[in-house]
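Visitor: Pasting a structure below so you can have a look.
The values are calculated or read from the model by the stated rules, or taken from the named source; none is laboratory data. Please read these numbers as outputs of a predicted model, since none were measured by experiment. Cβ coordinates were reconstructed from backbone atoms using ideal geometry, including for glycine residues, and neighbour counts include every protein chain displayed. When the accessible area is computed, the model is the full protein with side chains, heavy atoms only, and any ligands, DNA or RNA have been set aside. Shrake-Rupley method; radii C 1.70, N 1.55, O 1.52, S 1.80 Å.
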Amino acid sequence: MDPPIIGVPEEKGRKAVSNPSSGTPTKGSATTKSTNPKQGVTGVAEGKTLTADAILGSYYGKEVSLRPFRAAMKQIVSANANMDFLNGTRNDPIMHFDSERVRQGNSLLLRGREDLLRNMRAKEYEGAREILGQILHSLQDFYSHTNWVELGNSDVHPTLAMSGKDVASIAEVSDHTCTDCNDVSCQNNIVAAIQKRHLLTSGYYGMSPVKPRGKCSHGGPFDDSRERSARGGINKDTATAMFSPHHFLHEKAAKLALKATIKFLSELRGEVTDRDMLRLLGVSAFPALSFVLDTTGSMGEEITSARLQSRSIIQRQHQTLLEPDYYILVPFNDPSTFLSSSNIIRSCTNLSAVESSSQPLPFFALGFGPVYKTSDPEEFLKVLDDLHALGGGDEPEMCLSALQLALINTPPLSEIFVFTDASSKDAHLQSTVEALIQERKMKVSFLITEDPSRTSSRSRREVLHPNRFDLYADLASVSGGQIIFTNNQDISEVAKVITDSAYFDVASEGGIAHHVFLVDEFLHNVTLYINGNVREFRVHDPTGRKQNGRRQTYGRFTRVFLSDPLLVGNWTIFMKTVEPYSVHVQGRSSVDFLFYFGIPVNGSHPGLYQLNSQPVAGVPAILVVDAIGLPESANLSHVSLTSRNGKMQTAELETANQGGLFTAKISEIPIGEFSVGVRGQDGRGLELKREAPQQLSAAECIVEMSSNSLVTPGTSHPISVKVTNFGEPHCYSITMSNDVNKDSPTFRIQMASGKTEVRKMEMRIPDNTKQDTIITVMVKADVCGGSSGNLHPPCFTHLSLIVIGENETSTAPPPVQTSPSYLQSCPLAPSNCKDHHWIAILLVSDINGIHSVQIVNGSGTTVHYSDAGNDGVEYTSDCCHLHAELLLTNHMGAVWSCLLSAPVIAMQAGHKVHYLLIVPLLLILAIGLGICYFQKKRNTSYNSPKDCKKESC
C-alpha cells in the first residue's frame with residue numbers, strides 16, 4: 001500500500017484541519033451566492049465553492065502569486081504531520097496526550113503558545129508556523145486520544161490551552177480505566193466508574209512508558225501495548241476499525257478538533273495585529289523589497305538608482321494591497337572603508353544590529369552589514385537618502401557575506417537585487433549561499449555596472465580577471481534570477497527590472513542560436529530579457545509570423561515586451577551574437593506549482609515524511625506536486641528532473657488524495673544540481689509547462705539541528721546536530737556558524753553507509769544581544785579533504801533561535817516531590833542478596849512533566865507513569881545494591897538528582913525487627929526519606945536548588 005500524502009500517517013489518519021488552500025470542496029465548505037461586492041466575494045462564480053485561493057485571488061487580483069500563501073499553509077501542515085515522524089516528537093506521550101499525560105500536555109500547549117507569540121513578536125514567521133503546526137497537532141490529538149468524546153461532551157474542553165487555567169478531573173494511577181476488548185472495534189470498553197465520575201484518561205502507546213494493569217491502550221496494529229491488560233484501545237484517529245478501535249467516534253472527535261483549532265486561531269488573532277496574522281498565514285502580495293548594495297566610492301550611480309526605484313515602488317504601491325511587507329538593505333564594502341568611515345555608520349544608526357557608538361560593530365569591521373529591515377517605507381527611504389558611496393580598496397568586496405545576511409533576513413519566495421561593480425572576495429561562501437537560496441526558494445539578480453570584458457578604473461584597481469563575475473552568473477542561474485551588465489549611464493533604466501516578476505528562464509552561450517518557449521492560455525505580460533552584444537534578433541509566433549513587440553535597449557541590455565493576448569503555442573527566438581549572452585523569458589501566470597520530496601516511513605507511524613532540507617541523492621523518493629491555480633479543465637501528467645549536464649529523468653504524475661495534489665515515484669534522485677519541471681494539458685488539450693525557478697542540490701547526507709532550551713544573552717547555548725550518511729563511507733567535516741559572532745566550531749566524524757551520528761555543540765550568545773533578536777545558526781557537512789564538486793556536494797541546514805529577556809524566563813513553580821515510599825525491604829545479611837528486592841516510589845508534581853529518568857548509580861529498573869496529572873517513578877532493585885541515584889529531566893531541560901537507600905530489616909528470634917545497626921540517627925532520616933537535589937539548571941527560572949531541596953525532600 002502506498003503511503004499517504006502530505007506527511008499524514010496511515011495509523012494516525014487525517015487531522016481535523018484539511019488543507020485550507022485546496023480547491024476541492026469538503027463537507028461544510030461555503031459557497032458564494034452572489035458576485036456583488038457588497039454581498040460576497042467578487043470574481044467567484046455563483047454556486048462555486050468558496051476556497052481560500054478564490055478569496056485571495058479575488059482580493060488581490062490576478063497580478064499576485066498565491067505561492068507565499070500556499071507555501072505557508074504547507075509549512076504549517078507539514079509541521080503538524082511531522083510530529084508523528086521526528087525522533088524527538090513521535091513517541092513523546094506528552095506531545096500526543098498519550099499515557100494519561102493530560103495535565104502535562106496542556107502545559108506543553110501553553111508553553112507552545114508563549115513560544116508562538118514570541119516568534120511573532122520577533123517577526124520570525126517561519127518559526128511561528130512550525131510552532132503553530134505542532135500546537136495544532138497536540139490540540140487535535142487531545143480529542144482523538146483521550147476519552148473526552150466518550151464522556152458525552154459535545155463542545156470543546158473549556159480550559160484546554162487557556163492561559164492561567166489547568167485541566168482537572170484526571171484518573172489516578174490506581175484507577176482502572178478500561179476493560180479487555182478482543183475485537184478490532186471496541187464498544188463500551190471504558191470502565192463505567194470512570195464514566196460516572198467524569199474522569200479524563202488517555203491510551204498508552206508502545207512500551208515506554210509501560211502501561212499499568214487495567215489502563216487503556218491507544219490501540220491499532222502498531223501499538224505494542226494493546227495486548228497488555230486492558231487489551232484493545234480507544235483512539236479515534238481514523239474512521240477505520242483496523243487502525244482505530246473507537247472509529248465510530250472519529251467524526252465527533254474530528255469536529256471537536258476542528259472547533260478547537262478555530263477557537264485557538266481566533267484567540268490568537270485577538271492577541272496580535274491583523275498584519276501579523278496575515279504574515280503568519282503567508283497572505284502577502286509583495287513579501288519584500290530587498291537590496292544588497294556595494295557602497296564603495298565608485299557606486300554612487302547604483303545607490304541613486306536603488307533609491308529612485310525604491311521611491312517609485314513606494315509611491316506607486318504605498319497604502320495599497322501591493323505594498324511590500326518589508327524593506328531590506330544590506331550594505332557591503334571594503335573592511336578598511338568601514339573601519340575608517342563614519343558616514344555609513346551614522347546612516348544606519350536605526351539598524352537593530354547597532355545599539356550605540358559604544359557597542360561593538362562586528363559586521364562593519366568585516367566589511368558587510370548590518371541588516372536594515374523595516375516595514376516603514378519612509379524610514380527606509382531616509383536610510384537610502386543618507387547612504388553614501390565612500391572610499392574603495394582592492395577590487396574584490398564582501399558581496400557574498402552581505403548576500404548571506406540578506407537571504408537570512410528576507411522572507412522566502414522573494415527576490416534580492418545585488419548592485420555592485422566588483423567581484424567577490426568571499427567566494428568560499430558560494431555553497432552556503434546556494435543552500436540558502438534552495439531552502440528559502442529565493443531569486444537573486446545581479447546588476448553589474450561594469451562590462452565583464454573591460455577593466456575600467458577603480459580606486460587602487462589591480463589587473464582584473466575577465467571571468468571574475470562567473471560566480472554571480474552561477475548564483476543567478478541557480479536561483480532563477482538574472483545577471484545584467486550595464487554602465488553608470490544606463491543603470492537607472494536597467495534597474496526597472498526590479499518591478500518585474502520571473503517564472504521561467506532560458507539561457508545559452510554565444511553564436512547563432514534559436515530558442516523555443518511555450519506560451520499557454522494562462523500566461524500573460526511576457527517579457528524577453530537579452531543581455532549581451534546581439535547582432536541580430538527576431539521573435540516568431542507559433543504561425544511563423546515575426547513579432548516585434550515593444551523594445552527598450554540600454555547598452556548591452558534589451559527588454560522586449562510582447563503584447564497580450566498572445567497566440568498559444570511554441571514561440572521561437574532567433575539570435576546572432578559575437579560573445580556570450582543570456583536570454584530570459586519571463587511572464588505572469590495564475591498557474592504555478594510548489595513541490596517537495598518525501599520518504600516513505602514505516603514502523604509505529606507509517607506515512608510520508610517531508611524532507612525540509614536537501615533531497616537525498618541516490619535513493620528513491622516520492623515527489624509531491626501542489627498545483628496552484630490549475631482549473632478543473634486542465635491537468636498535470638508528468639514531472640521532470642533535469643541535471644545540469646542535460647540528463648533528464650521523467651516520471652508520471654498521479655492524482656493524490658487531496659485536490660490540486662499530484663505524486664510521482666522517483667526511482668533515484670540525481671546527485672548534484674538539478675531542476676524540477678511539470679507538464680500537462682490545458683482544457684483544450686494543448687501543452688502546459690511550468691519550471692521551478694530555483695535549482696536543487698541533492699547530497700548523500702542529511703544534517704538536522706535541534707535546540708530545546710531557551711536562548712539568553714551571555715550564555716553558551718547547546719545545540720544538537722544529527723548527521724545521517726546515505727552514501728559510501730566518508731569522513732565528514734562538520735562546521736557550525738551563525739550571524740551574531742565569528743565562532744565556527746568544527747569537528748570531524750567518520751561515518752559508515754546508512755549510519756547516523758548525533759553530536760552536541762555550543763554557541764556563545766553575545767552579552768549585548770537584544771531581546772527578540774533572531775539568530776540564524778547554519779551547519780555544513782563537507783567530505784573531508786576539501787570540496788569534491790558535484791561528486792560529493794555538501795549538506796546544509798539552518799536553525800533560527802529567538803533571544804529572550806531575563807523577564808521572559810519561565811515562571812513555572814519548581815518540581816515538588818513527595819518523600820519516597822517503600823514497598824519492600826532488604827534483610828540485614830541475606831544468604832543470597834539477589835533473591836530479595838526493594839522498591840521505592842517517587843511522586844513528582846511538575847507542570848512541565850518529566851521527560852526522562854536515568855539511573856546514574858545502581859543496577860535496578862525504573863517505571864515512569866502518570867498519576868492524576870503528576871508523574872510517578874517506581875524504582876526496583878535487588879538487595880545486592882542498597883543505594884541508587886536517579887537523574888530526572890523535565891521538558892524544560894531542568895535536571896535534578898534523587899538519592900535512594902533501601903530500608904534494612906534485621907532477622908531476630910524468628911521474627912522481623914526493624915532497626916539499623918551501623919548508621920547514626922541522622923542517616924535514619926535520610927534512609928527513610930531519600931535525598932533530592934538539583935544537579936543542573938539549564939535555561940530555566942526555577943527557584944534555587946536550596947528551595948527545591950526544601951520543597952521536594
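Visitor: Can you work out which of the residues in segment 709-721 that are among the aliphatic types (A, V, I, L, M) and at pLDDT below 90 is most open to solvent (accessible area, probe 1.4 Å)?
Guide: Quick first cut of segment 709-721, residues among the aliphatic types (A, V, I, L, M) only: 710-711, 719, 721.
Next, only the ones that are at pLDDT below 90 stay: 710-711.
Values: 710: 32, 711: 6 Å².
It comes out as 710.
Visitor: Restricting attention to segment 880-898, and to residues there that are crowded, with 20+ Cβ neighbours inside 10 Å and in contact with a strand residue (DSSP E or B) (Cβ under 7 Å, 6 or more places away or on another chain), which single residue is farthest from residue 202 (Cα to Cα)? Spell out how you get there, then give the answer.
Guide: Taking segment 880-898 first, the residues crowded, with 20+ Cβ neighbours inside 10 Å are 884, 886, 888, 890-892, 894, 896, 898.
Adding the requirement that they be in contact with a strand residue (DSSP E or B) (Cβ under 7 Å, 6 or more places away or on another chain) leaves 884, 886, 888, 890-891, 896, 898.
On the way: 884: 32, 886: 27, 888: 23, 890: 21, 891: 20, 896: 28, 898: 29 Å.
Applying the filter and picking the extreme gives 884.
Visitor: Identify, by number, the condition in (1) of a type in the set (Gly, Ala, Ser); (2) buried (at least 16 other Cβ atoms within 10 Å of the Cβ); (3) more than 35 Å from the chain's Cα centre (by Cα) that residue 866 doesn't meet.
Guide: Every listed condition holds for residue 866 apart from (3).
Visitor: Based on this model, can you work out whether residue 706 counts as modelled with pLDDT under 90 and within 23 Å of the chain's Cα centre (by Cα)? Steps first, answer last, please.
Guide: Working: modelled with pLDDT under 90: yes; within 23 Å of the chain's Cα centre (by Cα): yes.
Here the answer is yes, as residue 706 does meet what is asked.
Visitor: Go through segment 214-237 and count every residue that is open to solvent by 50 Å² or more (accessible area, probe 1.4 Å) and outside any loop (DSSP other than H, G, I, E, B).
Guide: Residues meeting the conditions: 3.
Visitor: Looking only at segment 484-496, which residues are open to solvent by less than 20 Å² (accessible area, probe 1.4 Å) and at pLDDT 80 or above?
Guide: As a first pass, look at segment 484-496 and keep what is open to solvent by less than 20 Å² (accessible area, probe 1.4 Å): 484, 486, 491, 494-495.
The answer is 484, 486, 491, 494.
Visitor: Quick check: anything in segment 271-288 in contact with a Gly (Cβ under 7 Å, 6 or more places away or on another chain), open to solvent by less than 50 Å² (accessible area, probe 1.4 Å) and not aliphatic (A, V, I, L, M)?
Guide: no
Visitor: Among the residues of segment 457-469, is there at least one that is at pLDDT 90 or above and either surrounded by fewer than 19 Cβ atoms within 10 Å (Cβ to Cβ) or aliphatic (A, V, I, L, M) (or both)?
Guide: Going residue by residue through segment 457-469, those that are at pLDDT 90 or above are none.
Taking every residue of segment 457-469 in turn, none turns out to be at pLDDT 90 or above and either surrounded by fewer than 19 Cβ atoms within 10 Å (Cβ to Cβ) or aliphatic (A, V, I, L, M) (or both).
Quick grid of which residues meet (1) at pLDDT 95 or above; (2) of a type in the set (Gly, Ala, Ser):
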| position | (1), (2) |
| --- | --- |
| 207 | no, no |
| 210 | no, no |
| 218 | yes, no |
| 226 | no, no |
| 236 | yes, no |
| 245 | yes, no |
| 253 | yes, yes |
| 258 | yes, no |
| 262 | yes, no |
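Visitor: Okay, next question. Report yes if some residue within segment 754-774 is surrounded by 17 or more Cβ atoms within 10 Å (Cβ to Cβ), hydrophobic (A, V, I, L, M, F, W, C) and under 20 Å from residue 698 (Cα atoms); otherwise report no.
Guide: The answer is no; no qualifying residue exists.
Visitor: Tell me which residues, restricted to segment 242-270, are touching a helix residue (DSSP H, G or I) at 6+ places or on another chain (Cβ under 7 Å) and either open to solvent by 70 Å² or more (accessible area, probe 1.4 Å) or assigned to a loop (DSSP other than H, G, I, E, B) (or both). Write out each step before concluding.
Guide: Step one: of segment 242-270, the residues touching a helix residue (DSSP H, G or I) at 6+ places or on another chain (Cβ under 7 Å) are 244, 253, 256-257, 260-261, 264, 269.
Matches in segment 242-270: 244, 269.
Visitor: Sort out for me the helices (runs of 4 or more DSSP H) sitting completely within segment 272-360 that have 1 or more residues that are closer than 30 Å to residue 77 by Cα and modelled with pLDDT of 80 or more.
Guide: Numbers: elements: 274-280, 300-317, 335-340, 343-347.
Helices (runs of 4 or more DSSP H) meeting the threshold: 274-280.
Visitor: Follow-up question, since we're still on this one. Can you tell me which residue within segment 414-431, out of those that are within 22 Å of the chain's Cα centre (by Cα) and modelled with pLDDT of 90 or more, is most open to solvent (accessible area, probe 1.4 Å)?
Guide: At the first step, the residues of segment 414-431 found to be within 22 Å of the chain's Cα centre (by Cα) are 414-416, 431.
With modelled with pLDDT of 90 or more added as a condition, the list becomes 414-416.
Working: 414: 9, 415: 39, 416: 0 Å².
It comes out as 415.
Visitor: Here are some conditions: (1) open to solvent by 30 Å² or more (accessible area, probe 1.4 Å); (2) closer than 19 Å to residue 495 by Cα. Residue 399 meets all but one. Which one does it not meet?
Guide: (1)
Visitor: Another question about this same structure. Filter segment 124-164 down to the residues that are more than 15 Å from residue 203 (Cβ to Cβ), in contact with a Leu (Cβ under 7 Å, 6 or more places away or on another chain) and of a type in the set (Val, Ile, Thr) and list them by number.
Guide: 131, 135, 156 - these are the residues of segment 124-164 that are more than 15 Å from residue 203 (Cβ to Cβ), in contact with a Leu (Cβ under 7 Å, 6 or more places away or on another chain) and of a type in the set (Val, Ile, Thr).
Visitor: Further question on the same structure: Can you tell me which residue in segment 733-748 is farthest from the chain's Cα centre (by Cα), limited to those that are farther than 14 Å from residue 794 by Cβ and among the hydrophobic types (A, V, I, L, M, F, W, C)?
Guide: 747
Visitor: Criterion first (free of Cβ contacts under 8 Å to residues at least 40 places away in the same chain and small (Gly, Ala, Ser)) does residue 164 satisfy it?
Guide: Working: free of Cβ contacts under 8 Å to residues at least 40 places away in the same chain: yes; small (Gly, Ala, Ser): yes.
Judged against the criteria, residue 164 is a match.
Visitor: Across segment 136-162, which residue is most open to solvent (accessible area, probe 1.4 Å) among those that are within 26 Å of residue 78 (Cα to Cα) and in a loop (DSSP other than H, G, I, E, B)?
Guide: From segment 136-162, those within 26 Å of residue 78 (Cα to Cα) are 136-146, 156-157, 160-162; that's our starting set.
From what is left, the residues that are in a loop (DSSP other than H, G, I, E, B) are 156-157, 160-162.
Details: 156: 20, 157: 16, 160: 9, 161: 9, 162: 59 Å².
For segment 136-162, the residue satisfying everything is 162.
Visitor: Just one of 168, 192 is open to solvent by 40 Å² or more (accessible area, probe 1.4 Å), under 35 Å from the mean Cα position of the chain (by Cα) and more than 30 Å from residue 278 (Cβ to Cβ); which is it?
Guide: On the way: 192 fails: under 35 Å from the mean Cα position of the chain (by Cα).
Selected residue: 168, the only one of 168, 192 that is open to solvent by 40 Å² or more (accessible area, probe 1.4 Å), under 35 Å from the mean Cα position of the chain (by Cα) and more than 30 Å from residue 278 (Cβ to Cβ).
Visitor: Ok, one more. Give the number of residues within segment 86-116 that are assigned to a helix (DSSP H, G or I) and either open to solvent by 40 Å² or more (accessible area, probe 1.4 Å) or without any contact (Cβ under 8 Å) to a residue 12 or more places away in the chain (or both).
Guide: Within segment 86-116, the subset assigned to a helix (DSSP H, G or I) is 93-96, 102-116.
Filter once more, keeping what is either open to solvent by 40 Å² or more (accessible area, probe 1.4 Å) or without any contact (Cβ under 8 Å) to a residue 12 or more places away in the chain (or both): 103, 113-115.
Adding up the residues that qualify gives 4.
Visitor: From (1) open to solvent by 10 Å² or more (accessible area, probe 1.4 Å); (2) farther than 29 Å from residue 802 by Cβ; (3) of a type in the set (Val, Ile, Thr), pick out the condition that doesn't hold for residue 724.
Guide: Result: residue 724 passes all but (2).
Visitor: I would also like to ask the following. Every residue in segment 154-178 that is touching a His at 6+ places or on another chain (Cβ under 9 Å) and at pLDDT 95 or above, please. Lay out the reasoning, then the answer.
Guide: We begin by selecting, within segment 154-178, every residue touching a His at 6+ places or on another chain (Cβ under 9 Å); these are 167, 169.
Scanning segment 154-178 gives no hits.
Visitor: Within segment 302-311, how many residues turn out to be open to solvent by 10 Å² or more (accessible area, probe 1.4 Å) and within 11 Å of residue 381 (Cα to Cα)? Quick ask: steps written out before the conclusion?
Guide: Narrowing segment 302-311 to residues open to solvent by 10 Å² or more (accessible area, probe 1.4 Å): 304, 307-309, 311.
Now narrow it down to the ones that are within 11 Å of residue 381 (Cα to Cα): 307-309, 311.
Going through segment 302-311 one residue at a time, the tally reaches 4.
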